[in-house]
Amino acid sequence: MLEIKNLHVRIAEDETEIIKGLDLTVAAGEVAAIMGPNGAGKSTLSYVLAGKEDYEVTEGEVLFNGENILDMEVDERAASGLFLAFQYPMEIPGVATMNFLKAAMNAQRKARNEAEYTTPEFIKKVKAASSDLSIDFNMLKRALNVGFSGGEKKRAEILQMALLEPTLCVLDETDSGLDIDALKVVSEGVNALRDPARAFLVITHYQRLLDHIVPDTVHVLYNGRIIKTGDKTLALHLEENGYADVIASAA
Amino acid sequence: MKVQNIQNNAAEDALGVSLPTRRVESFHYTDLRSQLGTFASKAERPSEEVAKKLGDGFPRLASNAAVLHFYDGHAFERGEKLPAGVSANTDLPKAMEVDGLDDTIVAINNKISTDGVAISVAKDANVDRPVGLAHTFTGTSGTTASTRYAIDAASSSTSIFIERFMGRSTDAHLSSSVVAMDIGEGAVLNYLIVQQSGLGAEHLGRISVRLAENAKLNLFILNAGGKLVRQEVKVDVAGEGAHVEIKGVNLVGDNAHIDVTTVLDHNVPNTTANELFRNVVAGDGHGVFQGQIKVAQIAQKTDAQMACNTLLLTDDGDFSAKPELEIFADDVLCAHGATVTDIDDDHLFYMRARGIKEKTARGLLIKAFVDEVVEELGVGEEIEEAFIGVIDNWLDTNVS
Ligand SMILES: Nc1ncnc2c1ncn2[C@@H]1O[C@H](COP(=O)(O)OP(=O)(O)O)[C@@H](O)[C@H]1O
Ligand SMILES: [Mg+2]
């Protein structure tokens, strides 16, 4: 489903290289965890997949269902099934969450030549999905993420993911800022979306999230490259021993 | 040696009124002497048929309003029934006094107005329907159309007025409106100004307000039309406990020059004021906001806040914001803030990452920025939605 080959990325503004020859393959139905210390380049990778313009790809390719997404606009990538749950979801004053959800869902449907949702259909879907995630429906009448607590923002991200039904879900530190109850709700939301036709890239630097969302593969990202790949026991090893020995043996 | 204004000026000669240059401080950003066109004749009274057609394409903003109609500055009787508690006298109200070049708009209005209306809101009246003051212009090149009102809101009354300017002419024409308002003790007056004149329109507006004890002015200005617009607001906060709420949305299109100038005089203790403007500048538009707040020495405990935020969509446009505080009392709270920004790239990226096309996302963000002001007006959903409709129309034509 996702094939990243020899990816090199630098910051457009000052040309600092952040991703330095990254290879990664994720199959349909797979949950791949990306772990790594702060500053390793995890968020940068997620932004490059989504198409943020601050970053410049200097080498390599990213194939999503065989198509090179680096040539696609940000909104085209989303409509083709890529979803990024942001580490820091943006607060957007003045745009009511409901209006935003409707604009996003219908824009994607339109791009895929599907019929747009009517208002009653849309409201029904949102009500069902928000109750699954213990989100107060009234919160969705407020401006997007404005004044939401850290946990509410993360839940709102998962709500968007559930409503947009992407095929590749990139979760950037979705566990940060969550207390244990919220972590459970969010993880259940993610697990409910697990599907043979859908893949997940779960970025985290704690093992904790992976107790709830159990990964098929674990990849260690350090200094812009995947330096080690294993199964879920690798995450446990990192939890106990830290990154030092993995980094040392890769060097 | 400095030679001042001795050259002939066609605009001045045509109106017979001295015009300020930017050397007059209150006209620093709007040089009327060089920017105003030449307007030599009053627009004639249009025929009934012509008048009827002029309003096509400008649907009513409030279905239950009683609208007083002026076409090219001439009053037309349309048999609209004023709400209970409101009475109108269609004799031209007496001219407002002129004190130097700062009152140039009043001087021009005194010179060219022929029609107007004096409106009284009865004591304790809770007026349930808005009163519309609709001006529609043919906009024949070189002509003027002008009106003058007096509004007297007696104590403890509540009322809503919508003053609206409409037209399509791209030829240079001048309109002017001067309104004197007296808001009695404990009265609440909502005054909503909507500018939708044609791209050739030059408009000079002034409202002068006096507030008695515990009176409240709730003023909204929506500028969404015209080529050269200057709307002045002068408020004499003369009664303790009075509150002034001024909100505005200035949509400044290509080639347009839109100026809102407010002067609040806090002359007694314990009064409050809040001003909030949101502006969008497209093309090579020029926007101006001057907000003066004067607090007299005895006006202790004045609380006056002012904010002016601009979205500048192009490098060719600009917006000048000049807050000015003149405070002679020592125990006051006064603050002002002005920002000029472009659309936030991170907001745009977030929305696009959800599949929303860039153009749609920009539109939603611009709309959100200005709609917020309208949604806080508290004048009822129908009117607020109508204003949002006016904004949407403007955005559709002016922002690509
Ligand atoms: N837009 C940017 N401008 C400047 N530096 C950046 C930018 N994005 C990322 N970096 C730098 O790149 C490195 C990797 O950052 P990031 O991808 O956020 O790491 P992680 O998510 O793994 O903690 C850090 O040193 C960070 O400071
Ligand atoms: Mg990160």
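The values are calculated or read from the model by the stated rules, or taken from the named source; none is laboratory data. Small disclaimer: the values here were computed from a predicted structure and weren't measured. Cβ: placed from backbone, ideal geometry, glycine included. Neighbour counts: every protein chain shown. The accessibility values were calculated without ligands, DNA or RNA, using every heavy atom of the protein model including side chains. Shrake-Rupley method; radii C 1.70, N 1.55, O 1.52, S 1.80 Å.
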* To do: From the list A:LEU70, A:LEU84, pick out the single residue that is of a type outside the set (Ser, Thr, Tyr) and part of a helix (DSSP H, G or I).
  => A:LEU70
* To do: Find all pairs meeting these conditions: Cβ atoms under 7 angstrom apart; at least six residues apart or on different chains; first residue within region A:43-55 and within 19 Å of A:ASN223 (Cβ to Cβ); second residue away from ligand 2 (no atom under 13 Å from the Cβ) and of a type in the set (Ser, Thr, Tyr).
  => A:THR44/A:TYR55; A:TYR47/A:TYR55; A:VAL48/A:TYR55
* Asked: Restricting the search to region B:146-176, which residues are touching an Asp or Glu at 6+ places or on another chain (Cβ under 7 Å) and either of a type in the set (Ser, Thr, Tyr) or open to solvent by 10 Å² or more (accessible area, probe 1.4 Å) (or both)?
  -> B:THR147, B:ASP152, B:SER155, B:SER156, B:SER157, B:ALA172
* **In region A:190-206, residue modelled with the lowest pLDDT [restricted to those that are of a type outside the set (Phe, Trp, Tyr) and within 16 Å of ligand 1 (Cβ to nearest atom)]** => A:HIS205
* To do: Only one of these is surrounded by fewer than 18 Cβ atoms within 10 Å (Cβ to Cβ), within 14 Å of the chain's Cα centre (by Cα) and at pLDDT below 95: A:SER149, A:SER176, A:SER187, A:SER249. Name it.
  => A:SER176
* To do: Go through region B:214-250 and count every residue that is of a type in the set (D, E, K, R) and closer than 15 Å to B:GLU275 by Cβ.
  => 5
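When you scan region A:19-43, how many residues do you find that are away from chain B (no Cβ under 14 Å) and either within 16 Å of ligand 2 (Cβ to nearest atom) or closer than 22 Å to B:PHE349 by Cα (or both)?
12
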* Structure fact -> Flagged in region A:88-132 as open to solvent by less than 30 Å² (accessible area, probe 1.4 Å), more than 9 Å from chain B (Cβ to nearest Cβ) and either among the aromatic types (Phe, Trp, Tyr) or not in a helix (DSSP H, G or I) (or both), in numbering order, are A:PHE122
* To do: All but one of (1) of a type in the set (A, V, I, L, M, F, W, C); (2) over 30 Å from A:SER46 (Cα atoms); (3) crowded, with 21+ Cβ neighbours inside 10 Å hold for B:MET351, so report the exception by its number.
  => (2)
* For region B:280-299, state whether one or more residues are on the phi < 0 side of the Ramachandran plot, open to solvent by 10 Å² or more (accessible area, probe 1.4 Å) and small (Gly, Ala, Ser). => yes
* Asked: From the residues in region A:1-18 that are touching a Phe, Trp or Tyr at 6+ places or on another chain (Cβ under 8 Å) and open to solvent by less than 60 Å² (accessible area, probe 1.4 Å), which one is farthest from ligand 2 (Cβ to nearest atom)?
  -> A:MET1
* Taking the condition touching a residue at least 40 places away in the same chain (Cβ under 8 Å) and part of a loop (DSSP other than H, G, I, E, B), does B:ASP128 pass? -> yes
* Hey, B:ASP316 hits all of (1) over 30 Å from B:VAL268 (Cβ atoms); (2) loosely packed, with under 14 Cβ neighbours inside 10 Å; (3) within 14 Å of chain A (Cβ to nearest Cβ) but one; which does it fall short on? -> (3)
* Asked: Out of A:GLY81, A:GLY66, which single residue is more than 16 Å from ligand 1 (Cβ to nearest atom) and out of contact with any Leu (no Cβ under 8 Å at 6 or more places or on another chain)?
  -> A:GLY66
* Which numbered condition A:ALA143 fails, given (1) touching a strand residue (DSSP E or B) at 6+ places or on another chain (Cβ under 6 Å); (2) open to solvent by less than 10 Å² (accessible area, probe 1.4 Å); (3) among the aliphatic types (A, V, I, L, M); (4) farther than 29 Å from A:VAL9 by Cα -> (2)
* Look through region A:48-84, keep the residues that are within 16 Å of ligand 2 (Cβ to nearest atom) and open to solvent by 40 Å² or more (accessible area, probe 1.4 Å), and return whichever of them is farthest from the other protein chains (Cβ to nearest Cβ). => A:TYR55
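Among the listed residues A:LEU164, A:LEU168, identify the single one that is within 28 Å of A:ASP75 (Cα to Cα), more than 14 Å from ligand 2 (Cβ to nearest atom), of a type in the set (A, V, I, L, M, F, W, C) and open to solvent by 10 Å² or more (accessible area, probe 1.4 Å).
Of A:LEU164, A:LEU168, the one residue that is within 28 Å of A:ASP75 (Cα to Cα), more than 14 Å from ligand 2 (Cβ to nearest atom), of a type in the set (A, V, I, L, M, F, W, C) and open to solvent by 10 Å² or more (accessible area, probe 1.4 Å) is A:LEU164.
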* Give A:TYR222, A:TYR243 a once-over and let me know the one that is open to solvent by 70 Å² or more (accessible area, probe 1.4 Å), under 13 Å from A:GLY36 (Cα atoms) and either at pLDDT below 90 or out of contact with any His (no Cβ under 6 Å at 6 or more places or on another chain) (or both). => A:TYR222
* Asked: Among the residues of region B:376-398, is any within 14 Å of chain A (Cβ to nearest Cβ) and among the aromatic types (Phe, Trp, Tyr)?
  -> no
* Asked: Does B:ALA62 meet the test of being small (Gly, Ala, Ser), open to solvent by 10 Å² or more (accessible area, probe 1.4 Å) and modelled with pLDDT of 95 or more?
  -> no
* The one condition in (1) closer than 14 Å to B:THR143 by Cα; (2) modelled with pLDDT of 95 or more that B:THR30 fails to fulfil -> (1)
* Looking only at residues in region A:20-40 that are open to solvent by less than 10 Å² (accessible area, probe 1.4 Å) and either more than 9 Å from ligand 1 (Cβ to nearest atom) or at pLDDT 95 or above (or both), which one is farthest from the chain's Cα centre (by Cα)? -> A:LEU22
* Just give me the residues in region B:219-241 being farther than 17 Å from B:TYR29 by Cβ and either open to solvent by 10 Å² or more (accessible area, probe 1.4 Å) or in contact with a Ser or Thr (Cβ under 7 Å, 6 or more places away or on another chain) (or both), in sequence order. => B:ALA224, B:GLY225, B:LYS234, B:ASP236, B:VAL237, B:ALA238, B:GLU240, B:GLY241
* To do: Among the residues of region B:68-108, count how many are within 22 Å of the chain's Cα centre (by Cα), aliphatic (A, V, I, L, M) and crowded, with 19+ Cβ neighbours inside 10 Å.
  => 7
* Just to be sure, is B:SER113 touching a Lys or Arg at 6+ places or on another chain (Cβ under 6 Å) and within 30 Å of B:TRP394 (Cβ to Cβ)? -> yes
